[in-house]
Amino acid sequence: MTYPPLGDMLATLRDTTPLVHCITNYVAMNSTANILLATGASPAMLHAPEEVAEFTAMAGALSINIGTISSPWAASMELAARSANDTGTPWVLDPVAVGATAFRQQVCTALLAHQPSVIRANASEVMALAGLASQGRGVDATATTDDATAAIALAQQQRCIVAMTGESDVITDGTHHYRLTGGHPMMPRVTTLGCGLSALVAGFVAANRDEPLAATMAALACFSLAGSRAGQQARGPGSFQVALLDALYTLTPEDLSSLNTLEALHAV
């Protein structure tokens with residue numbers, strides 16, 4: 001099996017330093033910005049309805065995370081998503097805990113109408129969006145990524161890429177499917193890493209617009225490899241977060257090119 005040139009994706013991101021417009025939650029703003037900066041992208045955190053549409057049109061990509069959603073922020077998110085769709089700007093949806101409340105489901109339904117380029121979510125969130133289940137407790141996954149069916153179904157429904165992340169990750173465009181293993185068990189002990197990963201996907205897609213599936217895979221591979229390396233030296237969640245930023249910063253295209261934890265899924 002020939003895999004996409006993931007190392008080239010990282011090199012292009014660092015050469016172009018794409019601007020990523022992040023409408024994310026209060027908890028995640030700082031850590032998300034640092035993850036983007038450490039890897040080589042440029043973050044911006046804007047959420048005022050008076051400027052989000054205009055700024056989205058100028059950005060390389062948009063990342064929307066509904067973690068601490070409110071009605072004013074929901075309005076800004078929809079304005080930004082509409083602008084992205086109108087201007088051909090790639091955008092990523094992180095539907096945090098979409099299965100938990102009716103409000104979150106309503107917000108995500110409105111956002112999906114603006115055709116996200118990528119949905120990055122855990123298994124429970126993917127299942128909820130795909131209509132296969134409506135379970136979920138907060139941001140924690142109550143399902144696993146062992147079964148890729150929901151991710152493939154959602155990708156086909158929305159005609160976008162779905163990155164379903166967990167103990168292993170499934171990346172699919174509805175036709176081509178991959179599983180990625182790696183990371184570290186300490187990653188769920190550090191808040192907002194998934195939020196930062198969604199923004200990182202947006203950065204990779206911004207830098208590699210012609211290959212959004214491979215770009216998404218490269219973003220997840222960077223995170224997985226950096227997480228594995230951080231876990232080897234961290235003593236706990238606090239030092240892990242610092243080590244993760246350092247690992248993202250020191251990753252090389254050659255590291256991704258030699259990755260051996262990616263496999264194609266031929267039948268699910």
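Need a quick list: helices (runs of 4 or more DSSP H) entirely within region 164-255 having at least 1 residues that are crowded, with 24+ Cβ neighbours inside 10 Å and not aliphatic (A, V, I, L, M). Spell out how you get there, then give the answer.
On the way: elements: 193-207, 212-233, 237-250.
In region 164-255, the matching helices (runs of 4 or more DSSP H) lie at 193-207, 212-233.
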Pair list, Cβ < 8 Å and 6+ apart or interchain, from region 224-245 residues that are farther than 21 Å from SER168 by Cα to residues that are surrounded by fewer than 13 Cβ atoms within 10 Å (Cβ to Cβ) and hydroxyl-bearing (Ser, Thr, Tyr)
none
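Could you tell me how many of the residues in region 6-40 are hydrophobic (A, V, I, L, M, F, W, C) and within 14 Å of the chain's Cα centre (by Cα)?
Within region 6-40, the subset hydrophobic (A, V, I, L, M, F, W, C) is 6, 9-11, 13, 19-20, 22-23, 27-29, 33, 35-38.
From what is left, the residues that are within 14 Å of the chain's Cα centre (by Cα) are 20, 22-23, 28, 33, 35-36.
Looking only at that region, the number is 7.
A quick yes/no check of all residues on (1) under 20 Å from PRO43 (Cα atoms); (2) among the β-branched types (Val, Ile, Thr); (3) in contact with a His (Cβ under 6 Å, 6 or more places away or on another chain); (4) at pLDDT 95 or above:
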position	(1), (2), (3), (4)
CYS195	yes, no, no, yes
GLY203	yes, no, no, yes
ALA226	yes, no, no, yes
ARG229	no, no, no, yes
PRO237	no, no, no, yes
ASP246	yes, no, no, yes
TYR249	yes, no, no, yes
GLU254	no, no, no, yes
SER257	no, no, no, no
Output the residues belonging to region 1-41 that are of a type in the set (Ser, Thr, Tyr) and in contact (Cβ under 8 Å) with a residue 40 or more places away in the chain.
TYR3, THR12, THR16, THR24, TYR26, SER31, THR32, THR39
Do the conditions hold for SER63, that is, is it closer than 13 Å to PHE204 by Cα and among the hydroxyl-bearing types (Ser, Thr, Tyr)?
yes
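The values are calculated or read from the model by the stated rules, or taken from the named source; none is laboratory data. A quick note: this is a predicted structure, and the numbers were derived from the prediction, not measured. Glycine gets a Cβ as well: all are built from the backbone with ideal geometry, and neighbour counts include every protein chain shown.
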